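Below you'll find the structure, written out as structure tokens, and then a few comments.
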Amino acid sequence: MNEKLILTPYDIKEILHIGNDKAYKLFSQKSFPSFRIEGTWYVKYEDFMRWCDKIQTMPGKSYTMN
């Protein structure tokens, strides 16, 4: 298995080709399946992939961060 089981904002930044600010903003969104342990953000790989699938089926296929 090559995929990490848990991803960090740095991993998401690299996957989505976004900057640090946008990665951390994404992690703080209620609709994003992230969690914190002692101040560090994480997301389970499978939850991230499920979130991506959900975004892909949205009308217009775009996600706006509040």
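The values are calculated or read from the model by the stated rules, or taken from the named source; none is laboratory data. Since the structure is predicted, the reported quantities are computational estimates derived from the model, not experimental observations. Don't worry about glycine lacking a Cβ; one is built from the backbone with ideal geometry, like all the others, and counts go over all protein chains shown. Keep in mind that these areas ignore ligands, DNA and RNA; they rest on the heavy atoms of the full protein, side chains included. Shrake-Rupley method; radii C 1.70, N 1.55, O 1.52, S 1.80 Å.
Residue count for the stretch 17-28 under the criterion of being within 16 Å of Lys44 (Cβ to Cβ) and open to solvent by 20 Å² or more (accessible area, probe 1.4 Å): the result is 0.
Within the stretch 54-64, the set of residues being at positive phi and open to solvent by 90 Å² or more (accessible area, probe 1.4 Å) comprises Lys61 only. Scanning the stretch 54-63 for residues that are modelled with pLDDT of 70 or more and assigned to a loop (DSSP other than H, G, I, E, B) yields Thr57, Met58, Tyr63.
Here is a check on your reading of the model: is Ile55 touching a Phe, Trp or Tyr at 6+ places or on another chain (Cβ under 7 Å), under 19 Å from Asp11 (Cα atoms) and of a type outside the set (Lys, Arg)? It is true that Ile55 is touching a Phe, Trp or Tyr at 6+ places or on another chain (Cβ under 7 Å), under 19 Å from Asp11 (Cα atoms) and of a type outside the set (Lys, Arg). Considered as a group, the residues in the stretch 29-53 that are among the acidic types (Asp, Glu) and assigned to a helix (DSSP H, G or I) include one that is least open to solvent (accessible area, probe 1.4 Å), and that residue is Asp47.
Just so you know, in the stretch 1-16 the residues that are among the acidic types (Asp, Glu) and open to solvent by 40 Å² or more (accessible area, probe 1.4 Å) include one that is modelled with the highest pLDDT, and it is Glu14. Selection of the stretch 11-28 for residues being over 16 Å from Met49 (Cα atoms) and free of Cβ contacts under 8 Å to residues at least 40 places away in the same chain yields Ile18, Gly19, Asn20, Asp21, Tyr24, Ser28.
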